[in-house]
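Rule-based calculations on the coordinates, nothing more; no lab input. Computed from a prediction, not measured in an experiment: that's the story for all the values here. Every residue, glycine among them, receives a Cβ derived from its backbone with ideal geometry; neighbour counts consider all protein chains shown.
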Amino acid sequence: MIHLDPPVWPGHGRRWSHLVSDVSFAELHAFAELLGIPRRGFDGDNYDLPAARYPVAIWLGARPASSRDIVRMLIAAGLRRPKHRRPNRPPSPPTPTTPPR
């Protein structure tokens, strides 16, 4: 089943929802394709969905859920990927242990 939280997350001058599946990433990718969301919008375990597409996602069958429920569903399904374990993320810059001289 596809779920999404309310479009409350700010970014790039818009509000965003998280679109997830509690079944598989294949199901999530297929649903995102129906919505016209490019694969580059996949953020490791969810797609960021702009508020303007929220009603369309609901119309296509996505179920509204709270942000906390989204995380719980991903964990229960074994699909949760914490940010530090998501693919294609640039490594964090090293933290210097001593100040440069």
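See the values below:
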item	result
Burial order of peptide ranges 2-9, 38-45 (average beta-carbon count within 10 Å, highest first)	2-9, 38-45
Amide H within-cut-off set for residue 15, under 5 Å, with H built and near neighbours excluded	51
Shape category assigned to the range 1-69 from the gyration tensor of Cα positions, a/c cut at 1.5	rounded
Residue-by-residue Karplus 3J(HN,Hα) for the range 42-47, coefficients 6.51, -1.76, 1.60, Hz, glycine and proline x	6, 10, x, 8, 7, 10
FRET efficiency, residue 75 to residue 15 (Cβ-Cβ, R0 30 Å, nearest 0.05)	0.75
Length gained when the stretch residue 29-residue 52 is fully extended (0.36 nm per residue, less Cα-Cα span)	6.4 nm
Interchain or long-range residues, amide H under 5 Å from residue 22's placed H	3
